[in-house]
1. Distances over 19 Å make up what percent of all Cα-Cα pairs in the range 4-59?
2. Rounding to the nearest 10 and keeping the result within 0 to 90°, find how far the Cα-based axis of helix 120-139 lies from the longest principal axis of the chain.
3. Quick one: in the range 162-261, what % of C-alpha pairs are over 20 Å apart?
4. For the range 195-309, how big is Rg over Rh, using alpha carbon atoms and the Kirkwood form of Rh?
5. How high is the relative contact order of the range 1-117, given as a whole-number percent (alpha carbon pairs under 8 Å, six or more residues apart)?
6. Output the 0 to 90 degree angle, nearest 10, between the alpha-carbon long axis of helix 297-308 and the longest principal axis computed from the alpha carbons of the chain.
7. Between residue 268 and residue 64, what is 0.36 nm times their sequence separation minus the Cα-Cα distance? Round to one decimal in nm.
8. Based on DSSP, what percent of beta bridges with both residues in the range 133-245 are antiparallel, to the nearest 5?
């Protein structure tokens, strides 16, 4: 199973710290470094950097690791902007960029920045057209004509050397269907085996219907981490998380364990990683939802060491 590292800069953090984390991920032998594409953390303003701009910077300050947004909302970007930015960062990185695309969902950031957030049905209509548009731009085809977007029959250059398209989201029907039709990687938030299998059945049927090989589509999880170096530290951490969720500690642990979140000591978290690999996941993104300055690299290093032993 491939391993990636995902951070959430909308919680707060500078580009300098983002660069440190990306370079740490590369030095640690991880396969990918991902960041979210948000402008706010809920209703709270923070030092929040732009995803595409920072990934372009990281393209020049790393050398081997794949870089990607998980995922860029189409409400932030016209598909021409996504395609052109992706091809440019692909060139800057020597073919190490992957383009993650989603519908967008956070009402508060759209309201704060004056961005349109269409109703759900239209967002999925736009997602289908965005994916069609980007594929057309990448392939140098005869263009694209849709209800929302149009690409003339021109050769869009630069054309990416290798820019996988990542479709991400938590839906049970449309997202996996679009992943089957368009994606090189289908990303979902960590879940139980039954939920994952139901999504993959939809994805595989959709891929087969358009003549694609379902087995060629990479399946990835983004998985939160509630891990501490010692049992005592974990007990304190999980008690706080349970209280915030207004659940008993036992119920909260059952909830996150059922969804295959990484929790416990590093050895226990590594055991869950092996369990996830056995589910058929091709890539696991270790997700840290915190201010970039608070990302606890020593604990993550212990988890990686335990998994690799």
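1. Summing the P(r) tail past 19 Å for the range 4-59 gives 24 percent.
2. Value to nearest ten degrees: 70.
3. Details: 2360 of 4950 pairs.
So the pairs more than 20 Å apart make up 48 percent of the total in the range 162-261.
4. Values: Rg = 16.5 Å, Rh = 15.7 Å.
Across the range 195-309, the Cα-based Rg/Rh ratio is 1.05.
5. Computed over the range 1-117, the figure is 25 percent.
6. Here the helix axis deviates by roughly 90 degrees.
7. Stretched out fully, the residue 268 to residue 64 stretch lengthens by 70.5 nm.
8. Given both bridge residues lie in the range 133-245, the antiparallel proportion sits at roughly 20 percent.
All of the numbers you see were taken from the coordinates with simple rules; none came from a lab. If you're wondering where the values come from, they're calculated on a predicted model, not measured in any experiment. Cβ: placed from backbone, ideal geometry, glycine included. Neighbour counts: every protein chain shown.
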